[in-house]
Amino acid sequence: MPSTFGRHRRKIDPSTKEAKGALGMSYIGPANPANLEWKAAGLTEPDFGIIRQYRLDRLRAELKSRDFAGALLYDPLNIRYATDVSNMQVWCLHNPTRYAFVATEGPLVLFDYEQAVHLARAFPLVTEARPAIGWFYMYGGSAEGERKLCKRWAQEVADLVHAHGGGNKRLAIDKCEQMGITMLAAEGVEPVSSQEFCEEARKIKHPEEIKAMKRAVNTCEVGIAAMWKHLKPGITENQLWAKLHEANIARGGEWIETRLLASGPRTNPWFHECSDRVIEAGDIVAFDTDLIGPYGYCADISRTWVAPGKKPSNMQRTLHQIACDHVAFNKELLKPGMTFHELIKQSFQLPPDCVEQRYGVAMHGVGLCDEYPSILFREDGEAAHDGVLEPGMVLCVESLVCPIGGREGVKVENQVVITEKGIEQLDEFPMDLVPEL
């Protein structure tokens, strides 16, 4: 079994060459083509020493305000937020082999894939790394095997709660199956299912996080430019979408959460993922990036184009103008102190034939991925939760214009940060149907 490390290990200064060489996805090396692109765009390097401490402090403040002894995190995005240690993020979304214990007042213990505990050595805020106990069927081999592994897991987690909770036994857990909840309770822990504390912590970004996100958006837009360059009649949707992946991965990006690119009649209704359909001259081509870029930050922007070879039709121009007006109108409303319900009541009203096939939300939060809050449409107002816009929130402002019975639809989206005075837009790629680069 790999050796663990604890609080007495030699710390590594995160600003040194030694640390940067070990930081993986949080460090962009000198050979990365994005460095020259970011320099040309005037995008300064984010300070991840500040970012990591800020994120952990926000998590602990939320835990303290809710009277939790600590938290047990399984969601890979929550683990990343707390520790910044990345390991097989997508694989771990469906194989629970990593988790982190965050004491409200005490250690941060990362339980990683057994052969990967060394990954945390260069991250000073991780007090200790241990091999995780995966108690799902793939490892247990039987229901009885699962139960035995789960009992070991529960005992180890409970020991941490009892040692560092100061008598408080309340443990916030973002994701866990019922058997784990039951066995933790049997060990004297009070498990509480909670995503709230993570989402509330993540909703306000530090200015250094905005620097990282601007770089992720820039990389996304390099990929979008490559897509536009390669968009010719005869290319398939899959081939076009691959250009975005290629640009992202080559620049230290991590993955793309969806495959939302469609052309021609596949754009209405929306949510057809990309296929081997051959794009024809004059087709609408619409996409939503949902891209997890460099540093693990999300660039979630949408554009709609008309494939070269034919001029945009009057209908295509009309739909696109409605979508752009929709986004522009709603962006103008955004200001700190505004409640979600006020925003919904004042928001843009889509034409009647576009309401039924509207997008799921008018706006949503974004950070390491799409996240809280969700701002709904007027038609959904009664179901909408309320809240307040605050400086440091990052929102994606959406529009989907798909008229009932129409041949095509249009999807556009901007990513903005709420400031003390209004907003700053993070994406810069032209919104035109036929962009001039």
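In region 338-365, how many are of a type outside the set (V, I, T) and within 17 Å of V394 (Cβ to Cβ)?
Summing the residues that are of a type outside the set (V, I, T) and within 17 Å of V394 (Cβ to Cβ) in region 338-365 gives 7.
Which residue is farthest from R317 (Cα to Cα), if the candidates are limited to region 382-417 and must be among the β-branched types (V, I, T) and either touching a Leu at 6+ places or on another chain (Cβ under 8 Å) or in a strand (DSSP E or B) (or both)?
If we take residues in region 382-417 being among the β-branched types (V, I, T) and either touching a Leu at 6+ places or on another chain (Cβ under 8 Å) or in a strand (DSSP E or B) (or both), then V388 is farthest from R317 (Cα to Cα).
Sort out which residues of region 178-189 are in contact (Cβ under 8 Å) with a residue 12 or more places away in the chain and either assigned to a helix (DSSP H, G or I) or loosely packed, with under 15 Cβ neighbours inside 10 Å (or both), and write them in order of number.
Listed by number, the residues that qualify are M179, G180, I181, M183, L184, A186, G188.
Within region 118-138, identify whether any single residue is more than 19 Å from A82 (Cβ to Cβ) and of a type in the set (D, E, K, R), and answer yes or no.
No, every residue in region 118-138 fails to be more than 19 Å from A82 (Cβ to Cβ) and of a type in the set (D, E, K, R).
Tell me which residues, restricted to region 391-423, are over 24 Å from Q349 (Cβ atoms) and loosely packed, with under 13 Cβ neighbours inside 10 Å.
E420, K421 - these are the residues of region 391-423 that are over 24 Å from Q349 (Cβ atoms) and loosely packed, with under 13 Cβ neighbours inside 10 Å.
Could you list, ordered by first residue, the pairs with Cβ atoms under 6 Å in which the first is in region 200-216 and under 11 Å from V394 (Cβ atoms) and the second is β-branched (V, I, T) and not in a helix (DSSP H, G or I), at least 6 apart or interchain?
Sorted first by the residue in region 200-216, then by its partner, the pairs are K205/V394; I210/V417.
Among the numbered criteria (1) in contact (Cβ under 8 Å) with a residue 24 or more places away in the chain; (2) among the charged types (D, E, K, R); (3) over 30 Å from L73 (Cβ atoms), which single criterion is violated by R251?
Only one criterion in (1) in contact (Cβ under 8 Å) with a residue 24 or more places away in the chain; (2) among the charged types (D, E, K, R); (3) over 30 Å from L73 (Cβ atoms) is unmet by R251, namely (3).
Of all residues in region 190-203, count the ones that are in a helix (DSSP H, G or I), within 16 Å of C176 (Cα to Cα) and charged (D, E, K, R).
1
Find all pairs meeting these conditions: Cβ atoms under 6 angstrom apart; at least six residues apart or on different chains; first residue within region 89-102 and over 19 Å from L56 (Cα atoms); second residue of a type in the set (K, R) and not in a loop (DSSP other than H, G, I, E, B).
none
Taking the criterion of being in contact (Cβ under 8 Å) with a residue 40 or more places away in the chain, surrounded by fewer than 21 Cβ atoms within 10 Å (Cβ to Cβ), out of contact with any Asp or Glu (no Cβ under 7 Å at 6 or more places or on another chain) and among the hydrophobic types (A, V, I, L, M, F, W, C), would at least one residue in region 349-368 satisfy it?
no
Any residue at all in region 285-304 that's open to solvent by 30 Å² or more (accessible area, probe 1.4 Å) and basic (K, R)?
No: zero hits.
Testing G167 on (1) free of Cβ contacts under 8 Å to residues at least 60 places away in the same chain; (2) assigned to a helix (DSSP H, G or I); (3) small (G, A, S), one condition comes back false. Which one is that?
Result: G167 fails condition (2) only.
So G282 fits all but one of (1) free of Cβ contacts under 8 Å to residues at least 40 places away in the same chain; (2) touching a Leu at 6+ places or on another chain (Cβ under 7 Å); (3) of a type outside the set (F, W, Y); what number is the exception?
All conditions pass for G282, except number (2).
Pick from E332, E379, E428, E420: which is more than 21 Å from I210 (Cα to Cα), of a type in the set (D, E, K, R) and not in a strand (DSSP E or B)?
It is E379.
Matching residues to (1) open to solvent by 10 Å² or more (accessible area, probe 1.4 Å); (2) touching an Asp or Glu at 6+ places or on another chain (Cβ under 9 Å); (3) within 23 Å of Y372 (Cα to Cα):
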| position | (1), (2), (3) |
| --- | --- |
| F68 | yes, yes, yes |
| L73 | no, yes, yes |
| R80 | no, no, yes |
| V85 | no, yes, yes |
| W91 | yes, no, no |
| H94 | yes, no, yes |
| A103 | no, no, no |
| P107 | no, yes, no |
| D112 | no, no, no |
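Conditions tested, residue by residue: (1) under 19 Å from M183 (Cα atoms); (2) assigned to a helix (DSSP H, G or I); (3) in contact (Cβ under 8 Å) with a residue 24 or more places away in the chain.
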| position | (1), (2), (3) |
| --- | --- |
| G106 | no, no, yes |
| Q115 | no, yes, yes |
| L125 | no, no, yes |
| R130 | no, no, yes |
| M138 | no, yes, yes |
| E144 | yes, yes, no |
| K148 | yes, yes, no |
| V157 | yes, yes, yes |
| V161 | yes, yes, yes |
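Just give me the residues in region 230-245 being part of a helix (DSSP H, G or I), in contact (Cβ under 8 Å) with a residue 12 or more places away in the chain and open to solvent by 40 Å² or more (accessible area, probe 1.4 Å), in sequence order.
Passing the criteria: H230, N238, K243, H245.
The values are calculated or read from the model by the stated rules, or taken from the named source; none is laboratory data. Since the model is a prediction, treat every value here as computed from it, not as a measurement. Glycine gets a Cβ as well: all are built from the backbone with ideal geometry, and neighbour counts include every protein chain shown. Areas reflect the complete protein model, heavy atoms only, side chains present, ligands, DNA and RNA absent. Shrake-Rupley method; radii C 1.70, N 1.55, O 1.52, S 1.80 Å.
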